[in-house]
Amino acid sequence: MTTDSLRQSSHEARRLRATLALLRKIVGHDLRSPLQAVSGCADLLAYSTGGQPDARRLSHHLRQSSGRLLVMMEGARVLVDDVGPPMTWGPVSLSDWLPADLARGLLPPVEGDATLLRRALEALVDNARQHGAEPVRVSLTVEGGEAALAVSDAGPGVSDHQRDAIFRPFVSMTGGRGLGLTRARRALEDHGGSLTLDAGEPSTTFVARWPLEAPWFEPGGG
């Protein structure tokens, strides 16, 4: 890499950090105050109209919508924070982060960013337990320079119309923030890999795949 390229990369990194800092401020503070004011006005509306049915319904809708937006804002802040730290590539033992009841033998060692891979593993296990059914199974294979982590459960599965939606941010089937699978997929894409849903009803299997060499590695390069 030339000196000019290094300077440009450093400049772009500074621009990214400044943009992320601004987004954190907007999402964490600037938007929160007016939303809280909307919620307060909704309470005042219900009180000032003496609890009339139409006003009560409108007040409830305003409180519900502003509450949902606050949850989405917190989720957006989490997604922004995910972008910040640089990746660190090295040996990873996913067995260290498996719940005790799932650690039925050591998973083979892999390479990658420990923080991102742990995030993906925990999100997939949590998703299987919250939306699926026991038994939850975890397996990891390493072959041809690629790792494949599979997390499956014996739940009702995912319907066809939900298969794409479950990876989108803020989509939740249980009223949560709906970020687990979004963050897991991003973690795998940062590795130059993928996260896919390999099975439909009546069971669910998510498979995370990523190369064992860093995506920026250039064979024969210096």
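The values are calculated or read from the model by the stated rules, or taken from the named source; none is laboratory data. Here the structure is a predicted model, which is why all the values come from computation and not from measurement. Reconstructed Cβ throughout: ideal geometry from the backbone, glycine too, with neighbour counts over all protein chains shown.
Structure above, values below:
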quantity: Ser33 being in a helix (DSSP H, G or I), over 19 Å from the mean Cα position of the chain (by Cα), modelled with pLDDT of 65 or more and more than 29 Å from Arg209 (Cα to Cα); calculated: yes
quantity: Which numbered condition Leu212 fails, given (1) more than 23 Å from Gly112 (Cβ to Cβ); (2) at pLDDT 85 or above; calculated: (1)
quantity: Qualifying residues in the stretch 127-169 (those that are in a loop (DSSP other than H, G, I, E, B) and of a type in the set (Gly, Ala, Ser)) - the one surrounded by the most Cβ atoms within 10 Å (Cβ to Cβ); calculated: Gly132
quantity: Top-ranked residue in the stretch 97-150 [being under 19 Å from the mean Cα position of the chain (by Cα) and among the basic types (Lys, Arg); ranked as modelled with the highest pLDDT]; calculated: Arg118
quantity: Flag if Thr174 is in the same structural domain as Leu98 (by TED's automatic domain parsing) and at pLDDT below 85; calculated: yes
quantity: Top-ranked residue in the stretch 89-120 [being touching a residue at least 60 places away in the same chain (Cβ under 8 Å) and either assigned to a helix (DSSP H, G or I) or in contact with a Gly (Cβ under 6 Å, 6 or more places away or on another chain) (or both); ranked as surrounded by the fewest Cβ atoms within 10 Å (Cβ to Cβ)]; calculated: Arg119
